[in-house]
Amino acid sequence: MPTLEELNKLYATDSINFQVGEGGLPKCTITHPNATAEFYLNGGHMTHFQPTEHQPVLWMSSESKFEAGKPIRGGIPICWPWFGQAVEENRPQHGFARNINWTVVQTQETFDFVTIELKIESNAETKSIWPHSFELKLRFEIGKKLSIELETRNTGAASFRIGTAIHSYFNVTDASNIELSGLDQVDYIDQLDNNLPKQQQGEIKIREEIDRVYIESGHQVSIVDRTMNRVIKIKKSGSQSTVVWNPWISKANRMADFPDDGYRTMVCVETANAFTDVREIAPDEQHVIMQKISVA
Ligand code: BG6
C-alpha cells in the first residue's frame with residue numbers, strides 16, 4: 001500500500017488531500033468550494049459529504065470502529081458481491097468490498113467538482129472468499145451533488161452473479177418525522193416478516209424497525225425532512241431495487257458500533273441489486289450501478 005506521502009504526490013490537488021484518519025487508517029479529505037467530503041481507502045467508504053451552505057448529508061455512527069479489514073458504521077459502505085447474508089458459511093454479511101483496502105486510480109479537479117476513481121481486483125485473498133476474477137471500480141464525483149458509480153467487470157472465463165448495495169446512511173433531524181416518497185404502489189420484500197411480499201401504500205413513515213427491499217423500483221426516492229427544511233433526492237441507474245432500513249430501538253441496542261439513540265437521526269436508503277435484481281455478468285462484460293444524491 002502506498003504511503004500518504006506517495007498518495008499525495010500522485011493524487012493530491014488543491015481540494016484533495018490524503019491524511020491519517022480515525023484508527024490510523026488513511027483517509028482522503030475533499031475541501032472544494034462546492035462541497036466538503038471524506039472517504040477511507042478501507043472499504044472505499046465515504047464518511048462525509050456536505051454541499052456548501054447545507055448540513056452534512058450522511059449519518060456517521062459515533063461508535064464506529066475504524067479497523068483495517070472491518071466495515072465502518074455509517075456513511076456509505078459498498079456491499080458487494082452479495083447483499084445481506086451469504087448463503088455459504090464463513091462469508092461476511094454484505095460481501096467483502098467494504099472490508100478491504102481500495103487503490104486510488106486517478107483524481108481530477110474542475111471548477112464544479114472533483115472526481116476520484118478507486119478500484120479493487122480479484123487476488124488470492126478475494127478468491128479464497130469468492131472464487132471469481134473481477135475488477136471493481138468506484139467513482140466519486142463530489143460537487144453540489146454526490147454521484148457514486150460502481151462498475152463490475154468480469155475478467156474471468158465464467159459468468160458470475162452479483163448483489164450490490166450503495167448502502168447510504170442519511171442524516172435526518174428525527175426519523176419518526178420524515179417521509180420517504182417515490183415508492184408508492186411499489187412491491188417490497190419485508191425482511192422483518194419472513195421476506196413476505198407486500199405493497200407500499202403512500203409515503204413511507206418510520207415509527208418502528210423497518211427493513212425492506214423494494215423491487216422494480218428504479219425511480220427517484222426523496223427524503224423529506226421538514227424540520228431541517230431539506231429534501232434529499234436520490235436518483236439512480238443500473239438498479240431496480242431499493243433498500244430502506246432503520247434498526248430502531250432494540251436492534252440499535254444490539255449493535256456494538258451503533259449508539260443506542262442513533263436510530264433517531266438516520267435512515268438508510270440503499271441503491272441496490274438485491275433479491276430478484278441480482279445481476280449475471282458474462283466474461284468480459286460489465287455492469288454499472290449509479291446513485292446521485294442532491295439536496296434542496
Ligand atoms: C441493511 C439490511 O441493508 O443493512 C439490514 O437490510 C442490516 O438487514 C443492515 O441489518 C446493516 O447491516 P450490517 O451488516 O452493516 O450490520
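Annotations
- Each peptide among 4-13, 49-58 gets the average number of other Cβ atoms lying within 10 Å of its residues, and from highest to lowest they stand as 49-58, 4-13.
- By the Stokes-Einstein formula, at 1.002 mPa s and 20 °C, the chain with its Kirkwood radius over alpha-carbon pairs has D equal to 111 µm²/s.
- Per residue, the range 129-218 exposes 42 Å² of solvent-accessible protein surface, assessed with a 1.4 angstrom probe and all protein chains in place.
- Under 25 Å from the Cα of residue 70 - lysines, other chains or at least 8 residues apart: 27, 119, 127, 137, 251
- Computed with a 1.4 Å probe on the full set of protein chains, the accessible area for residue 188 sits at about 20 Å².
- Gyration tensor (alpha-carbon) shape descriptor, the range 123-167, a/c threshold 1.5: prolate
- Carbon + sulfur, % of accessible area of the range 4-295 - ligands and nucleic acids excluded, 1.4 Å: 43
- For the chain, size of Cβ-based charge dipole, Lys and Arg +1, Asp and Glu -1, in debye: 140
- Working from Cα pairs under 8 Å separated by at least six residues, relative contact order for the chain is 17 percent.
The values are calculated or read from the model by the stated rules, or taken from the named source; none is laboratory data. The shown structure was predicted, so the numbers you read here are calculated from the model rather than taken from an experiment. With ideal geometry, Cβ positions are generated from the backbone for all residues, glycine too; neighbour counts draw on all protein chains shown. SASA here: full protein model, heavy atoms, side chains in, ligands and nucleic acids out. Shrake-Rupley method; radii C 1.70, N 1.55, O 1.52, S 1.80 Å.
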